[in-house]
Amino acid sequence: MQIATLFAQGTSLIGQIGPYFQTFSEAQGSATPSALVENEKEIWNEKVSTTGNNKFTGDIYFKNVNFSYPSRDRLVLNDLSFIARSGQTTALVGSSGCGKSTCFSLLLRFYEPSSGQISINNQLITSYNIKQLRENIGIVNQEPILFNTTIYENIRLGMDNVNKSDVKEAAMQANAHDFIMKMTDNYETILGERGTQLSGGEKQRIALARALLKKPALLLLDEATSALDNISEKITQQTLEQACKGWY
């Protein structure tokens, strides 16, 4: 399996696990919740062409993309074009608010571009089944959302076809296994609301394990290692590279 990985520096997405968390979080100050819900329903229920190849292993191409949030006049993205090559790491670098995280939102189809095209493997993302599209994309944010349940359940969130061995392997890849084993009940430790028992770096490693467990075709990292110390960040980057090689 091939993977195209995007790193965004300087800002963060707020949502983590689903269209409603993501949409409502980013919507604050941008649009009314009711408008976003209706937009989400339209996208989810749209009829999609089945003539495409539905493969997520090709290049990602943003072509002349323009975008502004519904309640704002200013363009966040202005005629943006770039290619993220499959099997490579592509970094989006810029000042806070320049639109890096917005690219992620458009790629996940939480919003639609005002104009321009976004394609994967030479196929417009609007021609993919949206559920399948999102299932093939993993994302780790600077502020991951964790729930008041066990570490095991937080890592396997939304994935019923995995076992404890799979979860452990993902945690080891994310450099999280060692600190998990030092906790009171190991993988059965209850994290508390929003993961209150964990440090910022530990939260990010749990979220990273969740993303790696998914084995996505595309992994989006939005300052996902910002809370890690230098040693942990280096180890995590190395494990990410190894994990990506194993997916090709």
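Which of the residues belonging to the stretch 83-135 are modelled with pLDDT under 90 and of a type in the set (D, E)?
Selection gives E135 alone.
Looking at (1) under 15 Å from the mean Cα position of the chain (by Cα); (2) part of a helix (DSSP H, G or I), can you tell me which one R194 breaks?
(1)
Counting only residues that are among the polar types (S, T, N, Q) and touching a Leu at 6+ places or on another chain (Cβ under 8 Å), which one in the stretch 115-148 is nearest to S81 (Cα to Cα)? Quick ask: steps written out before the conclusion?
Pass one, the stretch 115-148, residues among the polar types (S, T, N, Q): 115, 117, 119, 121-123, 126-127, 129, 132, 136, 141-142, 148.
Checking which are touching a Leu at 6+ places or on another chain (Cβ under 8 Å) leaves us with 117, 136, 141-142, 148.
On the way: Q117: 9, N136: 22, N141: 23, Q142: 25, N148: 41 Å.
Among those residues, the one meeting the criterion is Q117.
Mind counting the residues in the stretch 84-111 that are closer than 22 Å to A217 by Cβ and over 18 Å from the mean Cα position of the chain (by Cα)?
Count: 0.
The values are calculated or read from the model by the stated rules, or taken from the named source; none is laboratory data. This structure is a prediction, so every number in the text was calculated from the model and none was measured. No Cβ is skipped: glycine too gets one built from the backbone with ideal geometry, and neighbour counts run over all protein chains shown.
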